[in-house]
Amino acid sequence: LSGNNVVCLKMNRLNNQYLKVKAVRQALFKATDFQRITDLLWPGGDSLGFPVAKGQPAYIAISDLPAATKDLFTYDAVKAKQMIADAGFPNGFSVELVVSNNATQVDLATSLVNQWAKAGVTVTIKSLDPTVLTTVYNDVSYTGLASWTVSTNNALVSLGQVSPNTPGPTYEDGPMNAILLQAEQEMDPVKRTALEKQLNLLVLDDAGMMGFANPSSLNCYWPWVKNYYNEVECGYHSQ
């Protein structure tokens, strides 16, 4: 089974002078070795876990992405550094990375410190208790990036995270919001999936949120157990 949650880095594309530049955000994707991070932290997971997880109708594998978007997932620190210079920051820049104090997210942040340094980006890690981190996220008081967890068990739930109604709006783009609203109201599953795929590509190209591996889990049960139908959660996400 694909995991229910994936760790994302939400870039403050509204208030940060560097991250508001799309070319810079895309350069950070180029500066990130997604496969190496997956192998280290989520072995066996799918490297592209956001905004739509593997197994969902609107999922698009990295190999099937448009050339320009696919290139963002091809690690090249030298090219990333040049992209940042071309965007107007030849000397690179510094950014604070806010993460939860759990071991996985700290390890993720440490990996990014090392990888982004090769592209001229200096990262300072700020590790917070989850409760404090939630407050920082809701107040949009992080200066650079915030680490957070997003549900991936339903494409619309995942893509709904880009809604301007969520705390700390990530997107102001009218067409993107329009597609999201249309998808939420579309009853035809084929048409809805097409809209979700379209939105999926827009979210990836914008590079406003960097999603990491969608971990896999093994769900086993005795076949004679009655009234059990493979669900792994019966609460908030109703999976």
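The values are calculated or read from the model by the stated rules, or taken from the named source; none is laboratory data. Computed from a predicted model, the values in this text were never measured in an experiment. Backbone-built Cβ (ideal geometry, glycine too); neighbour counts: all protein chains shown. Just the protein is used for accessible areas: all its heavy atoms, side chains included, with ligands, DNA and RNA removed. Shrake-Rupley method; radii C 1.70, N 1.55, O 1.52, S 1.80 Å.
Count, please, the residues in the stretch 21-41 that happen to be outside any helix (DSSP H, G or I) and in contact with a strand residue (DSSP E or B) (Cβ under 8 Å, 6 or more places away or on another chain).
Going residue by residue through the stretch 21-41, those that are outside any helix (DSSP H, G or I) are 21, 31-33.
Remaining after also requiring in contact with a strand residue (DSSP E or B) (Cβ under 8 Å, 6 or more places away or on another chain): 31-32.
Total meeting the criteria: 2.
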(Q) Looking at the stretch 158-172, can you tell me whether even one residue there is touching a Leu at 6+ places or on another chain (Cβ under 6 Å) and modelled with pLDDT of 55 or more? (A) yes
Q: Give just the number: which of (1) at pLDDT 80 or above; (2) under 20 Å from the mean Cα position of the chain (by Cα); (3) farther than 26 Å from residue 98 by Cβ does residue 189 not satisfy?
A: (2)
Q. Quick one: how many residues across the stretch 32-53 are at pLDDT below 90 and under 15 Å from the mean Cα position of the chain (by Cα)?
A. 10
Q.
Criterion first (closer than 30 Å to residue 193 by Cβ, more than 17 Å from the chain's Cα centre (by Cα) and of a type in the set (A, V, I, L, M, F, W, C)) does residue 61 satisfy it?
A. no
Q: Within the stretch 73-114, work out how many residues are within 20 Å of residue 143 (Cα to Cα), open to solvent by less than 50 Å² (accessible area, probe 1.4 Å) and part of a helix (DSSP H, G or I).
A: 8
**Q.** Positions within the stretch 60-72 being outside any helix (DSSP H, G or I) and touching a Phe, Trp or Tyr at 6+ places or on another chain (Cβ under 9 Å), in sequence order
**A.** 65, 72
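In the list 14, 65, 40, 48, which residue meets the criterion of being within 26 Å of residue 142 (Cβ to Cβ), buried (at least 16 other Cβ atoms within 10 Å of the Cβ) and among the aliphatic types (A, V, I, L, M)? Give the derivation first.
Details: 14 fails: buried (at least 16 other Cβ atoms within 10 Å of the Cβ); 65 fails: within 26 Å of residue 142 (Cβ to Cβ); 40 fails: buried (at least 16 other Cβ atoms within 10 Å of the Cβ).
Result: 48 is the single residue among 14, 65, 40, 48 that is within 26 Å of residue 142 (Cβ to Cβ), buried (at least 16 other Cβ atoms within 10 Å of the Cβ) and among the aliphatic types (A, V, I, L, M).
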Q) Could you count how many residues in the stretch 192-216 are open to solvent by less than 10 Å² (accessible area, probe 1.4 Å) and β-branched (Val, Ile, Thr)? A) 1
